[in-house]
Amino acid sequence: MQNIHQPGQSAQRPDKRQRARMLISCPDRPGIVAAVSHFLYEHGANIVQSDQYSMDPGGGMFFIRFEFDLNDLDKELPVLQEDFARVADRFEMKWHTFRASRKKRLAIFVSKEDHCLLELLWQWQAGDLDAEIAMVISNHADMQELVESFGIPFHHVPVTADTKPDAEKKQLEIVSDKADIIVLARYMQIISPKFIEQFPNRIINIHHSFLPAFIGGNPYKQAYNRGVKIIGATAHYVTEELDGGPIIEQDVQRVSHRDDVDNLKRIGRTIERVVLARAVKWHVEDRILVHQNKTVVFN
């Protein structure tokens with residue numbers, strides 16, 4: 001019987017068990033791409049994707065991302081990493097390698113709004129988010145039944161002004177050694193510097209973006225009262241500066257005088273969930289390099 005190839009199927013799927021990624025940042029100078037490519041070739045690696053960006057060829061920073069296949073990766077990657085130190089020293093590189101088959105573990109923090117959480121759960125369930133959702137943590141119990149219906153552990157950690165330090169201590173105990181990334185999926189609590197330092201550039205937040213910006217309570221009501229014409233959302237890494245960390249992704253949508261407050265909220269929720277999901281996807285696929293308070297995203 002003839003074997004019929006179904007749409008969406010690959011006749012020869014790449015073996016992710018033999019695939020690795022390398023992220024590099026260094027001062028720009030001639031020969032970087034040639035040196036790394038030749039090194040990978042000498043070590044038997046086959047480059048399957050390469051992206052690069054120079055902030056300023058005359059003396060700025062250079063960023064590059066390689067994906068490569070390497071036979072017997074478990075045995076050969078440690079050798080490659082040890083040998084690459086010589087190339088890295090020569091070009092003053094900061095670099096990291098990642099195994100594509102090693103799924104990053106997410107701990108999702110959420111409060112009462114479910115739209116960002118649901119988007120991540122749907123994409124994970126569909127196989128579009130190449131990660132493991134290790135747990136969901138919330139300061140409210142509202143999402144417990146939903147989360148557990150996906151077979152994902154749910155942890156309810158109430159937070160008040162008086163109990164915040166103890167709550168964060170418990171949260172850290174829960175995620176310790178069980179999560180690589182924290183995703184704040186509309187988690188309506190400020191994260192302390194002590195918590196942030198445990199996950200540098202590994203806490204991703206989402207918040208609304210209005211032009212002009214509105215802070216405080218009822219931002220959509222403020223936006224409606226001012227007659228804004230563009231609303232949006234920003235996903236960023238969390239730093240000690242509130243909503244001031246390196247931006248990963250943003251999107252906007254035009255609105256008009258015909259949109260009431262409820263419409264603005266609905267549109268805003270859609271943008272928020274899409275933008276956060278993109279940012280998380282790019283992080284788990286090792287597509288982001290952080291330099292100072294900016295990101296280079298190879299998407």
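The values are calculated or read from the model by the stated rules, or taken from the named source; none is laboratory data. Predicted model only: the values in this text are computed from it and were never measured. Positions of Cβ are backbone-derived with ideal geometry, glycine not excepted, and every protein chain shown enters the neighbour counts. Side chains included, ligands, DNA and RNA excluded: accessible areas come from the protein's heavy atoms. Shrake-Rupley method; radii C 1.70, N 1.55, O 1.52, S 1.80 Å.
Approximating the spin labels as points 7 Å out from Cα along Cα→Cβ, the H43-to-R266 distance works out to 5.3 nm. A 1.4 Å probe run over the protein chains yields, for the range 188-299, 53 Å² of accessible area per residue, whole-number rounding. Applying a length cut-off of 27 Å (Cα extent along the axis) and a mean Kyte-Doolittle floor of -0.5 to the DSSP H helices of the chain leaves 261-284. Counted by Cβ distance under 14 Å from K194, the other residues give a net charge of -2, where Lys and Arg count +1 and Asp and Glu count -1.
Go through 129-141, 285-297 and give me the packing order, highest mean Cβ count within 10 Å leading. Each step should come with its number before you reach the end.
Working: 129-141: 19.3, 285-297: 17.5.
Per-residue Cβ counts within 10 Å, averaged per peptide and sorted highest first, yield 129-141, 285-297.
Taking each DSSP H run with n ≥ 4 as -39500 (n - 2.57) and averaging over every residue of the chain yields -10000 deg cm²/dmol at 222 nm.
Annotation: per residue accessible area for the range 16-99 equals 55 Å², rounded to a whole number [probe 1.4 Å, protein chains only]. Local charge for M143 was computed over the other residues whose Cβ lies under 12 Å away, with Lys and Arg +1 and Asp and Glu -1, and equals -3. Counted over the range 211-272 with a bin width of 10 Å, the fraction of Cα pairs per bin, in whole percents, is 21, 51, 25, 3.
Listed peptides 16-28, 271-283 appear in the order 271-283, 16-28 once ranked by packing, highest mean of other Cβ atoms within 10 Å at the front.
Annotation: aspartates and glutamates with alpha-carbon distance below 13 angstrom to K104 (same-chain offsets under eight excluded): D130, E132, D177, D180, E285, D286. Averaging the Cα positions of each part gives two centres, and for the range 15-60 and the range 257-295 these lie 29 Å apart. Within the shell defined by Cβ-Cβ distances under 14 Å, the residues around F84 carry a net charge of -2, with Lys and Arg each +1 and Asp and Glu each -1. Taking the protein heavy atoms of the chain in the context of the full set of protein chains, the accessible area attributed to carbon and sulfur is 48 percent at 1.4 Å.
Tell me, what is the percent relative contact order of the chain, built from C-alpha pairs under 8 Å that lie six or more residues apart? Spell out each step's value before the answer.
Numbers: 505 pairs, mean separation 44.5, N = 299.
Averaging sequence separation for qualifying contacts and normalising by length gives 15 percent for the chain.
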